[in-house]
Amino acid sequence: MAANNRRMSGKKGAQVGSGGKRRRALEGKGPTPPAEMRKGHAKQRAAQARARRAQGRPQAKGRGGKSSAELVVGRNPVFEALRDGVPATTLYVQQFIDNDERVRDALKLAADRGGINLMEAPRPELDRMTNGLNHQGLVLQVPPYEYAHPEDLAAAAYDAGEDPLIVALDGVTDPRNLGAVVRSVSAFGGHGVVVPERRAAGMTAGAWKTSAGTAARTPVARATNLTRALEAYQKAGIVVVGLAADGEAEIGDLDALEGPVVIVVGSEGKGLSRLVGETCDFRVRIPMPGGAESLNAGVAAGVVLYEAARRRG
């Protein structure tokens, strides 16, 4: 029996009391790491969220999608776009172009700004690029605009310790009006602009120019469905205020401007669409003693943003 035990003890494999593991596997793994370092732990997720906010929320970039690239055509439009800070990737110059003052100024602006490629191209190539438009030998390529997501605007405000002040545009199709609204939002401390994905103005070169450079620091978000985006804001505790000529109250009587608010501005001709108007918590009007029937979107937004900034200040 003793011999049998010796034979058993000489075998490789599991040993009595080892739990099926060798000595090395039984060694301790060291102290338990803090919760912030444990994968999947709630405190680790919270720490990661704080780190993202400290870095300016880079994970939100482009969540609203991109527009398509755009071409600015003609000597004066190209010069003005470069002068006004419209983003650009490439300036195409026709071979053997008449080198007048406007061409020289455009080339100098492009060189001074840096980061803009200068490309010489034959006239037929520029004709093809512009579908036969009168380009006068100068074509400027504007890169696609990266839209934010509507949620990002409110999140950025809360991260900064501020109540969101956002403007949403309903049916505004003129890019210059969009640019004017962006400029007003920037001037009065707002946190961004929301536009619908369809049947609405986007961030074109014209909108950039009208914004007078403020589009570089004021985000524009694009919503697949504006009504649903407004409902999401309401669920987050943000009051939605619609501007309407037949609003039940005047803008000066609205205390909601002192807290988190989205101001919805409709088109000059049609105003708010039915669904958007029904979604608003309040519908208010701007008093106009002069008797004008309506204001364009840029002016209307500026008036309300001033009132909001005055109350918050």
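The values are calculated or read from the model by the stated rules, or taken from the named source; none is laboratory data. Because the structure is a prediction, the values reported are computed rather than measured. Positions of Cβ are generated from backbone atoms using ideal geometry, with glycine treated the same way; all protein chains shown enter the neighbour counts. The protein model used for the area step is the full one, side chains on, heavy atoms only, and it has no ligands, DNA or RNA in it. Shrake-Rupley method; radii C 1.70, N 1.55, O 1.52, S 1.80 Å.
Observations on the structure shown:
- Condition met for Thr173 (open to solvent by less than 50 Å² (accessible area, probe 1.4 Å) and not aromatic (Phe, Trp, Tyr)): no
- Cβ separations smaller than 7 Å between residues 6+ apart or across chains give the following pairs from region 169-186 residues that are farther than 21 Å from Ser273 by Cβ to residues that are open to solvent by less than 30 Å² (accessible area, probe 1.4 Å) and part of a loop (DSSP other than H, G, I, E, B): Gly179/Ser211; Val182/Ser211; Val182/Thr218; Arg183/Ser211; Val185/Thr218; Ser186/Thr218.
- Members of region 122-149 found to be over 24 Å from the mean Cα position of the chain (by Cα) and open to solvent by 10 Å² or more (accessible area, probe 1.4 Å), listed by number: Pro122, Arg123, Pro124, Glu125, Asp127, Arg128, Met129, Asn131, Gly132, Leu133, Asn134, Gln136
- Among residues of region 150-189, those that are acidic (Asp, Glu), more than 14 Å from the chain's Cα centre (by Cα) and within 19 Å of Thr227 (Cβ to Cβ), counted: 1
- Meets criteria (surrounded by fewer than 24 Cβ atoms within 10 Å (Cβ to Cβ) and among the hydrophobic types (A, V, I, L, M, F, W, C)) for Ile238: yes
- Hey, Glu258 over 20 Å from Ala160 (Cα atoms) and either open to solvent by less than 20 Å² (accessible area, probe 1.4 Å) or acidic (Asp, Glu) (or both) or not: no
- Scanning region 249-299 for residues that are more than 21 Å from Val185 (Cβ to Cβ), of a type in the set (Gly, Ala, Ser) and touching a strand residue (DSSP E or B) at 6+ places or on another chain (Cβ under 7 Å) gives Ala249, Ser273, Gly277.
- None of Gly269, Gly252, Gly247, Gly206 is touching a Lys or Arg at 6+ places or on another chain (Cβ under 9 Å) and either farther than 26 Å from Gly65 by Cα or surrounded by fewer than 19 Cβ atoms within 10 Å (Cβ to Cβ) (or both) except Gly247.
- In the set (1) open to solvent by less than 50 Å² (accessible area, probe 1.4 Å); (2) without any contact (Cβ under 8 Å) to a residue 12 or more places away in the chain; (3) charged (D, E, K, R), Arg198 fails one condition alone, (1).
- Matching residues, region 235-287, being in a strand (DSSP E or B) and among the basic types (Lys, Arg): Arg283, Arg285
- Within region 228-265, the set of residues being in contact (Cβ under 8 Å) with a residue 12 or more places away in the chain, over 30 Å from Asp84 (Cα atoms) and within 18 Å of the chain's Cα centre (by Cα) comprises Ala229, Leu230, Ala232, Tyr233, Val261.
Yes/no per residue for (1) modelled with pLDDT of 95 or more; (2) within 29 Å of Gly74 (Cα to Cα); (3) small (Gly, Ala, Ser):
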| position | (1), (2), (3) |
| --- | --- |
| Pro164 | yes, no, no |
| Gly171 | no, no, yes |
| Asp174 | no, yes, no |
| Trp208 | no, yes, no |
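- Residue under evaluation Arg217, criteria (1) among the charged types (D, E, K, R); (2) out of contact with any strand residue (DSSP E or B) (no Cβ under 6 Å at 6 or more places or on another chain); (3) surrounded by 14 or more Cβ atoms within 10 Å (Cβ to Cβ), criterion not met: (3)
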